[in-house]
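The values are calculated or read from the model by the stated rules, or taken from the named source; none is laboratory data. Bear in mind the structure is a predicted one, so any value in this text is a computation, not a measurement. Here the Cβ is made from the backbone with ideal geometry for all residues, glycine too, and neighbour counts use every protein chain on show. These accessible areas exclude ligands, DNA and RNA; they are computed on the full protein's heavy atoms, side chains included. Shrake-Rupley method; radii C 1.70, N 1.55, O 1.52, S 1.80 Å.
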Amino acid sequence: MIYLDNSATTKPYAEVMDTYRTVSEQYFANPSSLHSLGGKSEALLTRSRDQAASLLHVDPSEIVFTSGGTEGNNLAVKGAVFAYKNRGKHLITTSIEHASAGHAFEQLEELGFEVTYLPVDSEGRISFDQFKKAYRDDTILVSVMHVNNEVGTIQPIAEIGAFLRQKPKTIFHVDHVQGIAKVPLELKTSGIDLCTISGHKFHGPKGTGLLYVRKGTLLSPLFAGGGQEHQLRSGTENLPGICGMVKALRLTLEHEKEGIRHLAALQSKLFEGLKQIDGASVHTPEQLSAPHIVNVSLRGIKSEVLVHALEKDEIYVSTKSACSSKENGASGILTAMGISPEEAEQAIRISMAYETTEEDIDIFLATLADKVGQLKIVMR
């Protein structure tokens, strides 16, 4: 099997699942309980928070554990807007955000907030100059995805953060779900107030994540309840998942430098190999893109047809974002980049992990070329 859908989810590390099982069996007590078993669970939760903070170079009080990217984005976007609604009604985001952020902004528009959706160029990147022009005195939130989940384009987070450091009344949220362990981002020095991370994107358990909340940043909780997670995320903590996610983060970041170099080499091999396939049109930019994603259209072949054809040889890729892959129609991200709906419907996403090998990519490219040739004959 060759698994090339790592942007949708990654296979959990064996050590992570061992931790999950151990914590489930031995630390099953509720961390909020007053008895000694609860105290042991609470101590383990505290150690996990401390370790996550150390790995991300932030303070433990700035870590809020969540159920993943969708909850993190919703808590960040809605929580910040509701907390600071008296400052203004204007919000800025991009036209290519993940659905969990994009739909949250649509809901806020229905509540009377005004949203500016920044357009992107042919590489899927917003213009910093356009961002500055869109900024207003009543802008209370800016939310920008660091790495696009379909094409891998990197946004100018550092420039936006530097600009917003001079605007203390505006909160800056970054969706770092696809960037973590692939495109380094220093939270403390980037002017970021809120940052979303999801565990299953770096070999942690599904249903885990964290939200970085800079000290002094207010959020209005989405969940009413027992006041866990610094009063921001009520609900009994998923201790086995949290411990597993933090272990996955540690194991991944231990190999970050060599892992990124390895992914970049594989991506270059993909770029060169795809150029040799007739009708292939690569949408991922070769510069300023994350090293683990390549998006390509194969002219005349529907993406879902190609995905299933590759699957017969146990090669797994995807069409668009997993959260929207079953929706009909072309990718909104690709069409926002100026790609025609027809070509966008022919796009597949190849996404790698540190464990992906050169042999995997060689086999994939050879199989892809073969499948494309077969399908073109059938579809004549």
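Could you tell me which of the residues Leu75, Leu118, Leu108, Leu91 is in contact (Cβ under 8 Å) with a residue 60 or more places away in the chain and of a type outside the set (Ser, Thr, Tyr)? Spell out the reasoning first.
Details: Leu118 fails: in contact (Cβ under 8 Å) with a residue 60 or more places away in the chain; Leu108 fails: in contact (Cβ under 8 Å) with a residue 60 or more places away in the chain; Leu91 fails: in contact (Cβ under 8 Å) with a residue 60 or more places away in the chain.
Selected residue: Leu75, the only one of Leu75, Leu118, Leu108, Leu91 that is in contact (Cβ under 8 Å) with a residue 60 or more places away in the chain and of a type outside the set (Ser, Thr, Tyr).
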Pick from segment 332-380 the residues that are under 14 Å from Ala265 (Cα atoms) and in a helix (DSSP H, G or I): which of them is least open to solvent (accessible area, probe 1.4 Å)? Ile361
Can you work out which of the residues in segment 167-191 that are surrounded by fewer than 22 Cβ atoms within 10 Å (Cβ to Cβ) and among the charged types (D, E, K, R) is nearest to Met145 (Cα to Cα)? Glu186
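Output the residues belonging to segment 128-158 that are among the polar types (S, T, N, Q) and open to solvent by 40 Å² or more (accessible area, probe 1.4 Å).
The first filter runs over segment 128-158 and keeps only residues among the polar types (S, T, N, Q), leaving 130, 139, 143, 148-149, 153, 155.
Hit for segment 128-158 is Gln130, nothing else.
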Qualifying residues in segment 84-125 (those that are open to solvent by less than 10 Å² (accessible area, probe 1.4 Å) and among the hydrophobic types (A, V, I, L, M, F, W, C)) - the one nearest to Leu288 (Cα to Cα): Ile96
Answer yes if at least one residue in segment 11-19 is part of a loop (DSSP other than H, G, I, E, B), farther than 30 Å from Thr319 by Cα and touching a residue at least 40 places away in the same chain (Cβ under 8 Å), and no otherwise. no
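State all residues of segment 43-59 that are closer than 14 Å to Arg214 by Cα, touching a residue at least 12 places away in the same chain (Cβ under 8 Å) and assigned to a helix (DSSP H, G or I); if no residue qualifies, say none. Full working, then the answer.
Applying the first criterion (closer than 14 Å to Arg214 by Cα) to segment 43-59 yields 53, 56-59.
From what is left, the residues that are touching a residue at least 12 places away in the same chain (Cβ under 8 Å) are 56-59.
Scanning segment 43-59 gives a single hit, Leu56.
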From Thr208, Thr217, which residue is modelled with pLDDT of 95 or more and farther than 30 Å from Glu355 by Cα? Thr217
Restricting attention to segment 37-71, which residues are touching a strand residue (DSSP E or B) at 6+ places or on another chain (Cβ under 8 Å), over 14 Å from His230 (Cβ atoms) and either surrounded by fewer than 19 Cβ atoms within 10 Å (Cβ to Cβ) or aromatic (Phe, Trp, Tyr) (or both)? Ser67
For segment 20-36, name all the residues that are open to solvent by 50 Å² or more (accessible area, probe 1.4 Å) and in a helix (DSSP H, G or I). Tyr20, Arg21, Thr22, Glu25, Gln26, Ser36
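Looking only at segment 64-115, filter to residues that are among the aromatic types (Phe, Trp, Tyr) and not in a helix (DSSP H, G or I); which one of those is farthest from Ser54 (Cα to Cα)? Full working, then the answer.
Going residue by residue through segment 64-115, those that are among the aromatic types (Phe, Trp, Tyr) are 65, 82, 84, 105, 113.
This time we only want the ones that are not in a helix (DSSP H, G or I), so: 65, 84, 113.
Values: Phe65: 15, Tyr84: 29, Phe113: 37 Å.
Step by step, filter segment 64-115, then rank; the result is Phe113.
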Taking the options His146, His203, name whichever one is touching a His at 6+ places or on another chain (Cβ under 8 Å) and closer than 20 Å to Gly259 by Cβ. His146
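Can you go through Ala309, Ala290 and tell me which one is under 18 Å from Met352 (Cβ atoms) and crowded, with 17+ Cβ neighbours inside 10 Å?
Working: Ala309 fails: under 18 Å from Met352 (Cβ atoms).
Result of the check over Ala309, Ala290: Ala290.
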Just give me the residues in segment 97-124 being of a type in the set (D, E, K, R) and under 16 Å from the mean Cα position of the chain (by Cα), in sequence order. Glu97
Just one of (1) more than 25 Å from Gln155 (Cβ to Cβ); (2) without any contact (Cβ under 8 Å) to a residue 40 or more places away in the chain; (3) not aliphatic (A, V, I, L, M) trips up Phe271, so point out which. (1)
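Out of Leu211, Leu266, Leu194, which single residue is surrounded by 15 or more Cβ atoms within 10 Å (Cβ to Cβ), within 16 Å of the chain's Cα centre (by Cα) and more than 29 Å from Glu25 (Cα to Cα)? Steps first, answer last, please.
Numbers: Leu211 fails: more than 29 Å from Glu25 (Cα to Cα); Leu266 fails: within 16 Å of the chain's Cα centre (by Cα).
Within the list Leu211, Leu266, Leu194, the selection yields Leu194.
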Determine which single condition Gln276 fails, assuming it passes every other condition in (1) open to solvent by less than 70 Å² (accessible area, probe 1.4 Å); (2) over 30 Å from Asn74 (Cα atoms). (1)
